[in-house]
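What follows is a set of notes on a single structure, which appears directly below.
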Amino acid sequence: MRPVNIYALTRVEKPGLLSRLERQMSLRRRFLHVKQWEMVSLKAFCDHVTDCVGNAVLFDFYYSFEIPKLGKEFDLLRISDDMVVNVELKSFPVGDDSVKKQLIQNRYYLSTLGKTIRSYTYISSEDRLVRLTNGGRLIEEKFENLCNDLMSQKDCFDGNIEELFKEERYIISPLADPDRFLMSEYFLTSQQVDIKKHILKRIRSYKSTDSKDGICAQGFTGLPGTGKTLLLYDIAMELSTRQRVCIVHCGSFSTELKKLDERLKRIDFFQCNGGEKFNETDLYDYSVCLVDEAHRLDNSLLDMIINVAYHNITPVIFSYDCEDIISKEEMDKSILKRMEGIEGFTSYRLTNRIRTKSELSSFIQAIITGPSNNHRKDYPSVTLEYSNSEAETDNLLNNLMNKGYIYIYDPSLMNSERITCYDKDKLIDIGEVSFKEFDKVVVYINSRFNYTKDDGLRSVHDEENGEGSCVRNMFHGLNRAKSKIAIVVENNEDVFEGFLYIAQGKIR
C-alpha cells in the first residue's frame with residue numbers, strides 16, 4: 001500500500017470537468033472503497049488543515065491501512081524518520097473512553113517503529129479534535145498544533161507500508177513472554193476478541209440458569225501460530241477477577257510455566273506431564289477449568305475433567321491444535337473426537353496465523369499434503385539440503401546451526417548418541433518446543449518418509465525408537481519458526497524431489 005493525497009481524494013465533485021489529477025484520484029477513491037460518510041470527515045479534516053497551512057495538498061497519508069492478519073486498521077498515517085502522526089476520523093459522536101481506548105491500542109502497534117507517536121482523533125459531527133498525551137490522557141487540541149507536527153515531518157516514508165509492520169512482532173506467548181503478558185502489553189486480534197465474547201457469554205448464561213441441562217463445554221482450535229494459548233490465558237485472566245479458575249496444562253513441562261505460576265497468583269496451574277500429581281477432587285475448588293494443549297489429553301484425564309464439569313457444574317474451555325492437513329494414518333484423533341463429541345460442545349476455529357509468515361505456512365502445508373497441492377511460486381525463506389550419509393548430514397546441520405538455525409530434532413529419527421556432535425545450545429527435542437518460537441529452524445528427515453499415491457506425506461513407524469508420528473513431529477517443529485526454515489533430507493531422493501517441486505513453484 002502506498003500513500004495517497006487525501007486533499008485531492010476529496011476534491012472530485014464534477015466528473016465532466018475533472019483535471020488529470022482529479023481523474024486519477026477518482027479512480028483511486030473507487031479502488032480504496034471510500035464511503036460517502038468517510039468522505040465528509042476527510043473533506044472537513046482537509047479544510048481545517050488548509051486553513052492552517054494554506055493547502056492540505058502538501059501532505060500525503062496512508063489511508064485505511066490494515067495490518068495483515070491482525071485486523072488492526074488505521075484511518076490516516078504519516079511516517080517520517082523520527083515521528084508517526086496517526087489521525088482517526090469519526091463522523092458521529094463517540095465517547096471519550098472509546099476514543100482513548102482506540103488511540104492507546106494504535107500506539108501499541110505503532111510503537112514497534114521506534115519513533116515518537118502523535119495520536120489524534122477528529123470527530124467531524126462535533127468539529128472536535130482531541131489528542132492522546134504521552135501519559136495516556138485525552139485532551140482537546142487545536143489544528144494548528146496538529147499541522148505543526150505535520151510540517152515538522154521530514155523525509156516521509158512513501159514505500160509499501162506493509163514492509164514496516166511484521167505480524168509476528170505482535171503475538172506474544174504468556175509462557176515465553178510472561179512480563180509482557182502480566183503487564184497486559186498485548187491486544188487480541190478481532191477474531192480472538194469475537195471468540196472470547198461468545199465463550200464468556202455462554203458461561204454467563206450457563207451460570208445464571210437455575211436448572212443446568214448437561215455441561216458447559218467449549219473449545220477453540222487452530223493451526224500452530226494462531227494465538228490459541230494467548231487467547232486461553234486472556235480468558236482465564238478475565239474470569240479470575242471474580243472467581244477461582246485453573247488451567248490444566250497438557251504440554252511438556254517447562255520452567256516458563258513454573259515462573260508464571262509463581263508470579264500469577266490469581267490462577268492455579270495443574271501440569272499433566274512432569275508436574276505434581278493431581279486428582280478429580282483437586283479440580284472441585286474451581287468455578288471454571290481451562291485446558292491447554294487439549295489434543296495431548298489421555299482418556300483417563302478427559303474422563304476426570306468431564307466428571308468435574310458434570311458433577312461440580314464447572315464450565316470447561318479447551319484449547320487444542322488443528323492438524324487436519326496431517327493424514328489420519330499419522331496420528332490418533334480419538335481424543336479430539338471424544339472431546340468434540342461431548343453433548344452440547346461448542347467449537348470455534350482460529351484461522352489467522354500470526355506467528356508464522358504466510359510464505360512458511362504455505363510451504364509447510366504443501367510438503368505435508370504433497371507436490372500436487374502447491375499454490376505458491378516462490379519460497380525465498382526456505383532452504384533445502386540433500387545428504388548421502390550421516391557424516392554429510394552432520395556437516396550440513398552444523399553449518400546451518402552456525403548460521404543461527406535451531407535444530408529441532410525428533411528422537412525417533414536421531415538418537416541421543418548421534419546428537420552429541422552438535423552445539424547443545426542450538427539443539428532442542430521436539431517434545432520440548434511447546435510455546436517456544438525461534439527465528440530460524442532446521443529439521444532432519446531420512447528414508448522413513450515417503451509420499452503415498454494420494455501425495456500425502458507419511459512415515460514408517462519404528463517400534464525400536466518409540467511411538468509417535470514423524471510427520472506430525474516435523475509439522476510442529478517447522479511451525480516453531482518465525483522467519484526461515486531449512487530441511488536436511490538424508491538418502492531419500494523421492495521426497496527431496498517432491499520438496500524441490502514445491503520450492504520451485506511447480507505441481508507434480
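Among residues of the range 432-456 being at pLDDT 90 or above and aliphatic (A, V, I, L, M), the one that is nearest to Gly498 (Cα to Cα) is Ile445. Of the residues making up the range 109-116, none is over 16 Å from Leu77 (Cβ atoms) and buried (at least 18 other Cβ atoms within 10 Å of the Cβ).
If you take the residues in the range 406-446 that are in contact with a Phe, Trp or Tyr (Cβ under 7 Å, 6 or more places away or on another chain) and within 13 Å of Glu490 (Cα to Cα), which one is surrounded by the fewest Cβ atoms within 10 Å (Cβ to Cβ)? Step by step, filter the range 406-446, then rank; the result is Met414. Note on the range 81-113: residues that are in contact with a Ser or Thr (Cβ under 8 Å, 6 or more places away or on another chain) and among the polar types (S, T, N, Q) total 4.
Restricted to the range 81-108, and to residues there that are of a type in the set (Lys, Arg) and farther than 22 Å from Lys43 by Cα, the residue that is surrounded by the fewest Cβ atoms within 10 Å (Cβ to Cβ) is Lys101.
Determine the pairs where a residue that is among the basic types (Lys, Arg), located within the range 485-508, has a partner that is at pLDDT below 95 with Cβ atoms under 6 Å apart, the partner being 6 or more residues away or on another chain. From residues that are among the basic types (Lys, Arg), the pairs are Arg508/Pro371; Arg508/Ser372; Arg508/Tyr501.
Tell me whether the range 185-206 contains one or more residues that are in a loop (DSSP other than H, G, I, E, B), surrounded by 22 or more Cβ atoms within 10 Å (Cβ to Cβ), at pLDDT below 90 and not assigned by TED's automatic domain parsing to the domain that holds Ser124. For the range 185-206, residues in a loop (DSSP other than H, G, I, E, B), surrounded by 22 or more Cβ atoms within 10 Å (Cβ to Cβ), at pLDDT below 90 and not assigned by TED's automatic domain parsing to the domain that holds Ser124: present.
If you go through the range 97-132 and pick out every residue that is closer than 24 Å to Ile67 by Cβ and part of a loop (DSSP other than H, G, I, E, B), you end up with 2.
Only one of the numbered conditions (1) surrounded by fewer than 19 Cβ atoms within 10 Å (Cβ to Cβ); (2) in contact (Cβ under 8 Å) with a residue 12 or more places away in the chain; (3) on the phi < 0 side of the Ramachandran plot is violated by Asp155, and that is (3).
I'm trying to understand the selection: among the residues of the range 396-434, which are of a type outside the set (Ser, Thr, Tyr), part of a loop (DSSP other than H, G, I, E, B) and within 16 Å of Ile445 (Cα to Cα)? Hits for the range 396-434 are Asp410, Pro411, Leu413, Met414, Asn415.
Against the numbered list (1) in contact with an Asp or Glu (Cβ under 8 Å, 6 or more places away or on another chain); (2) outside any loop (DSSP other than H, G, I, E, B), Cys156 comes up short only at (2).
Residues considered: Phe74, Phe45. Of these, the only one that is aromatic (Phe, Trp, Tyr), at pLDDT 90 or above, in contact with an Asp or Glu (Cβ under 8 Å, 6 or more places away or on another chain) and not in a loop (DSSP other than H, G, I, E, B) is Phe74.
When Leu260 is tested against the conditions (1) assigned to a helix (DSSP H, G or I); (2) of a type in the set (A, V, I, L, M, F, W, C); (3) farther than 20 Å from Val433 by Cβ, the lone failure is (3). In the range 391-405, the qualifying residues are those that are of a type in the set (A, V, I, L, M, F, W, C) and without any contact (Cβ under 8 Å) to a residue 60 or more places away in the chain, and the one that is surrounded by the most Cβ atoms within 10 Å (Cβ to Cβ) is Met401.
Considering only residues in the range 124-142 that are in contact with a strand residue (DSSP E or B) (Cβ under 8 Å, 6 or more places away or on another chain) and at pLDDT below 95, the one that is surrounded by the fewest Cβ atoms within 10 Å (Cβ to Cβ) turns out to be Ser125.
With respect to the conditions (1) assigned by TED's automatic domain parsing to the domain that holds Leu260; (2) at pLDDT below 95; (3) part of a helix (DSSP H, G or I), Met151 falls short on a single one, namely (1).
The values are calculated or read from the model by the stated rules, or taken from the named source; none is laboratory data. These numbers were taken from a predicted model, which means no experiment stands behind them. So basically every Cβ, Gly included, is an ideal-geometry build from the backbone, and we count neighbours across all protein chains shown.
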